[in-house]
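The values are calculated or read from the model by the stated rules, or taken from the named source; none is laboratory data. Only a predicted model underlies this, so the values are computations on that prediction, with no experimental measurement involved. Cβ placement follows ideal geometry from the backbone for every residue including glycine, while neighbour counts extend to all protein chains displayed. The protein model used for the area step is the full one, side chains on, heavy atoms only, and it has no ligands, DNA or RNA in it. Shrake-Rupley method; radii C 1.70, N 1.55, O 1.52, S 1.80 Å.
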Amino acid sequence: DVEFGEDLPVFEPDTSLETVKTFAALIGWFGARFSDHEAAKKEGFPGAIVPGILSQGYLVAMIHHWAPQAEVRAIDTIFRAAVIADETHQITGVVTDINEEDCLVEIDITVLNGKGETRVFGTATVRI
């Protein structure tokens, strides 16, 4: 059973530089902004950045940790600031709508850095 206002368990993604470099290479993104802190700083970032699609993948992973059989129908995200590799991040979620007829729930999701600053936020529509 899912309840309105239910908090999902906090998820801590692996945003290590090694993981980010490996992911970027696997998808063919060889820009230094994903693999080298100093090179990313030369591009105006505070350090090497986590690709947005990896951040979205972590959002889906957080949902599946909460409900392994869930079908994620959609994720709408807004990237407020870069997710920096080698920094601690947490992903939180809260159920904000329940459609019992269609077995759908909406979840507000947020990626926070170690300082509690919002980096990414959005909404996921999930079939339970």
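Count, please, the residues in the stretch 87-128 that happen to be under 19 Å from residue 9 (Cβ atoms) and either hydrophobic (A, V, I, L, M, F, W, C) or at pLDDT below 95 (or both).
Residues flagged as under 19 Å from residue 9 (Cβ atoms) and either hydrophobic (A, V, I, L, M, F, W, C) or at pLDDT below 95 (or both) within the stretch 87-128 amount to 14.
When you scan the stretch 3-39, how many residues do you find that are surrounded by fewer than 17 Cβ atoms within 10 Å (Cβ to Cβ) and either on the phi > 0 side of the Ramachandran plot or among the aromatic types (Phe, Trp, Tyr) (or both)?
Residues in the stretch 3-39 being surrounded by fewer than 17 Cβ atoms within 10 Å (Cβ to Cβ) and either on the phi > 0 side of the Ramachandran plot or among the aromatic types (Phe, Trp, Tyr) (or both): 5 in total.
Which of the residues spanning the stretch 13-71 are among the acidic types (Asp, Glu), more than 30 Å from residue 103 (Cβ to Cβ) and either in contact (Cβ under 8 Å) with a residue 24 or more places away in the chain or not in a loop (DSSP other than H, G, I, E, B) (or both)?
18, 38
For the stretch 110-123, check the following and say yes or no: at least one residue is part of a strand (DSSP E or B) and either open to solvent by 50 Å² or more (accessible area, probe 1.4 Å) or aromatic (Phe, Trp, Tyr) (or both).
The answer is yes; a qualifying residue exists.
Only residues that are of a type outside the set (Gly, Ala, Ser) and either modelled with pLDDT under 95 or within 18 Å of the chain's Cα centre (by Cα) (or both): list them for the stretch 27-49, please.
Answer for the stretch 27-49, where residues must be of a type outside the set (Gly, Ala, Ser) and either modelled with pLDDT under 95 or within 18 Å of the chain's Cα centre (by Cα) (or both): 27, 29, 30, 34, 49.
List every residue pair whose Cβ atoms lie under 6 Å apart, where the two residues are 6 or more positions apart in sequence or sit on different chains, the first residue falls within the stretch 74-93 and is exposed (fewer than 15 other Cβ atoms within 10 Å of the Cβ), and the second residue, located anywhere, is among the aromatic types (Phe, Trp, Tyr) and modelled with pLDDT of 95 or more.
Close Cβ pairs satisfying both conditions: 78/121.
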